[in-house]
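The values are calculated or read from the model by the stated rules, or taken from the named source; none is laboratory data. Nothing here was measured: the structure is a model prediction, and the numbers come from that model. Reconstructed Cβ throughout: ideal geometry from the backbone, glycine too, with neighbour counts over all protein chains shown. Areas reflect the complete protein model, heavy atoms only, side chains present, ligands, DNA and RNA absent. Shrake-Rupley method; radii C 1.70, N 1.55, O 1.52, S 1.80 Å.
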Amino acid sequence: MPNERPPAVDRLRTLPKAEVHAHLEGCFEPAVLEQWATQARVPMPRPREHLLEFEGLADFLHFLDWACGLASTRERLAELSYGYSRRLADGGAGYADVIVNPTHWRAWHGRLPDMIDAIDAGLSAAEQDGLPPVGLCVSLLRTQSSDAAIELVDALLALRHPRVVALSIDGNEAAAGRTGPRFAEAFRRAGAAGLRRTVHAGESSGPQGVRDAIELLGADRIDHGVRAIEDPDLVGLLVDRQIPLGVCPTSNLKLGVYPAIEDHPIDRLRRAGVVVSVNTDDPVLLGASLVGEYALCSQAFGWSDDVLRTLARNSIDASFANADVKARLAQALSSW
Ligand code: ADE
Ligand code: ZN
């Protein structure tokens with residue numbers, strides 16, 4: 001019922017922007033998961049009415065293994081990827097970098113080229129239908145070994161698939177401990193070969209994780225990064241180097257990083273001069289939409305149109321889109 005949407009939301013939809021922090025793993029519709037589980041005779045992890053209630057990051061990541069395990073065919077993976085691009089268009093975004101972490105997708109283990117090809121098929125079909133282009137950030141898991149990480153990077157570099165724009169790392173830093181040193185060589189190889197680097201840190205880790213992301217992993221961008229606020233020197237470093245943070249407020253609330261939006265540091269980071277953008281993380285599973293995230297923050301922090309323009313501009317600049325896409329989006333933004 002589009003006519004009943006509040007005008008502010010409609011207006012936020014027209015803001016030209018990009019999304020730089022979202023996971024393909026977070027895009028499953030619960031009804032589809034239930035259908036696939038029934039077909040495969042795989043038990044549901046909990047009753048349908050509580051399916052998307054998570055006890056924190058560890059529980060959430062465990063759920064991802066279950067959900068991704070059901071996406072066993074090329075068609076399912078392609079459709080999921082197509083659906084993400086359609087969701088982007090619904091939110092008025094003109095480009096996204098999307099993360100996929102092969103460790104979650106059991107049916108595809110040992111078949112990385114086929115997996116990337118299936119995702120690429122869905123994203124290419126979306127683009128042909130006029131939906132926004134999407135770059136792929138292939139992700140390591142914090143609890144993997146150094147050897148497994150290097151193996152993945154070497155496989156990506158041998159493949160050189162044009163859809164892949166970056167190496168990423170996600171997962172649970174609280175469970176893994178300090179792992180920056182463990183992944184330094186994998187990130188060094190990726191960077192030396194021209195892949196961009198994006199690093200989850202400062203969500204399940206504190207400031208040390210963010211510092212390691214910069215100093216050991218050479219992060220071009222940090223996913224979350226919000227707990228940098230606990231260390232003023234680190235905030236200064238992010239400002240000096242203009243390293244962007246892909247912030248996901250609803251995710252941080254749902255996974256227990258902060259109790260309420262009023263406690264969330266996105267606005268304090270922004271006012272300190274950190275380059276922040278607004279993103280969904282795991283949109284369907286965590287109930288976040290891009291426009292909804294802008295609306296949530298605008299309302300909580302009283303953001304003006306100028307602030308919204310700056311945040312949208314940050315999202316475009318921080319993205320790994322090519323120069324043409326960036327220029328087109330920046331041009332559209334200048335007349336918003
Ligand atoms: N994978 C998917 N969502 C994630 C998050 N919020 N943190 C770490 N890894 C993730
Ligand atoms: Zn994330």
**Q.** Helix-only mean residue ellipticity at 222 nm for the chain, each DSSP H run of n ≥ 4 adding -39500 (n - 2.57), per residue, nearest 500
**A.** -15500 deg cm²/dmol
Q: With label points built 7 Å along Cα→Cβ from the Cα atoms of Val42 and Asp147, find their separation and express it in nm.
A: 2.8
Q. Shape call for the stretch 116-245 from the C-alpha gyration tensor, a ≥ b ≥ c root eigenvalues: rounded (a/c under 1.5), prolate (a/b greater than b/c) or oblate?
A. prolate
Q) Going toward the positive end of the dipole of the chain, with +1 on Lys and Arg Cβ and -1 on Asp and Glu Cβ, which of Pro45, Gln35, Leu141 do you reach last? A) Leu141
Q) When only Cα pairs under 8 Å and 6 or more residues apart are kept, what is the percent relative contact order across the chain? A) 22
Q: Assuming a ≥ b ≥ c are the square roots of the Cα gyration tensor eigenvalues, decide whether the chain counts as rounded (a/c under 1.5), prolate (otherwise, with a/b larger than b/c) or oblate.
A: rounded
Q) For Ala300 and Ala175 in one chain, what is 0.36 nm times their gap in residues minus the Cα-Cα distance, to one decimal in nm? A) 41.8 nm
Q | Computed lengthening from Arg74 to Leu159, 0.36 nm per intervening residue step minus Cα-Cα distance | A | 28.8 nm
(Q) How large a share of the accessible area of the stretch 9-334, in percent, is made up of carbon and sulfur atoms when the probe is 1.4 Å and the other protein chains stay in place? (A) 49
Q: Would you mind putting 255-261, 275-281 in packing order, based on average other-beta-carbon counts within 10 Å, highest first?
A: 275-281, 255-261
Q. Taking the Cα centre of each part, how many Å lie between the stretch 162-205 and the stretch 228-252?
A. 17
Q: Could you tell me which of rounded, prolate or oblate describes the stretch 66-153, using a ≥ b ≥ c as the square roots of the eigenvalues of the alpha-carbon gyration tensor, with rounded for a/c under 1.5 and, failing that, prolate when a/b is larger than b/c and oblate otherwise?
A: prolate
**Q.** Assigned charges on the beta-carbon of Lys, Arg, Asp, Glu; the stretch 9-334 dipole about Cα centre (debye)
**A.** 480
(Q) Below 8 Å between Cα atoms, with a sequence gap of 6+, how large is the relative contact order for the stretch 145-239 in percent? (A) 26
Q: Would you kindly find the accessible area of Val247, with a 1.4 Å probe and non-protein molecules such as ligands, DNA and RNA excluded, rounding to the nearest 10 Å²?
A: 0
Q: Please calculate how many Å² of accessible area the chain carries per residue, with a 1.4 Å probe and no DNA, RNA or ligand atoms counted.
A: 41
